[in-house]
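What follows is a set of notes on a single structure, which appears directly below.
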Amino acid sequence: MILPIVSPPLARLAGAGPMTMGDDANQDLHRLTAELLARVAHQDGDALRRLYREHGGRLLGIIQSVVRDRGEAEDVLQEAFVTIWNKAGMYDPKLGKALTWMITVARNRAFDRLRSLGRKADLKREQEGELQQRVTEQLRRQSEPSLPDDELQAIDRALNELPEEQREAITLAYLNGLTQQEIADCLDSPLGTVKARIRRGLARLKSRLSQQTFYDQA
């Protein structure tokens, strides 16, 4: 089953703040996710399928950012949902949001697959080149209307100039739609550190992109 990767485009980063749902909508989503996960703990297949529809695309994007291969990512996604089915009863609401727990499961399965393929040592090198290609491909698919090539290339170059930790945080926030707290949980980093990485990274992007003619009015 091919799942779409749904995420906000990076085209407005030159002058925009983080693109997030309203607080009420975000709370409703987390409440629904917790309710569905509780039902999955009681072996409710319909609840698992609903979780798959609600979050499969997001989890696929996160997994693919680790394993760097669409086919492998789709396989890992299926494995992640099997794990969610089998271990939903282990989720403790006191320790964090249900979605954060699911993201952690998905990332752990992704790194398990990466190790099994003997590719963990190559991860940083692959990220340096392939992340930029994926960002461009995402923008081409998701921009409505499609961005001109010169804008895509400008964003590509600006992202490539960011330090790796800033690029990773911005990618998780803007391509995968994670909140800053979810990013902190996933990266096992303090929330303040994540906020600083995103803030500094966006400032660098804005500075770099503002030098381009088509961003002069941003």
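Points to keep in mind about this one:
- Förster radius 30 Å - calculated FRET efficiency between R31 and W85 (Cβ-Cβ, nearest 0.05): 0.90
- At R0 = 30 Å, FRET efficiency that the Cβ-Cβ distance of R49 and L117 yields, to 0.05: 0.55
Throughout, read-outs are computed from the coordinates displayed, never taken from laboratory work. Only a predicted model underlies this, so the values are computations on that prediction, with no experimental measurement involved. Reconstructed Cβ throughout: ideal geometry from the backbone, glycine too, with neighbour counts over all protein chains shown.
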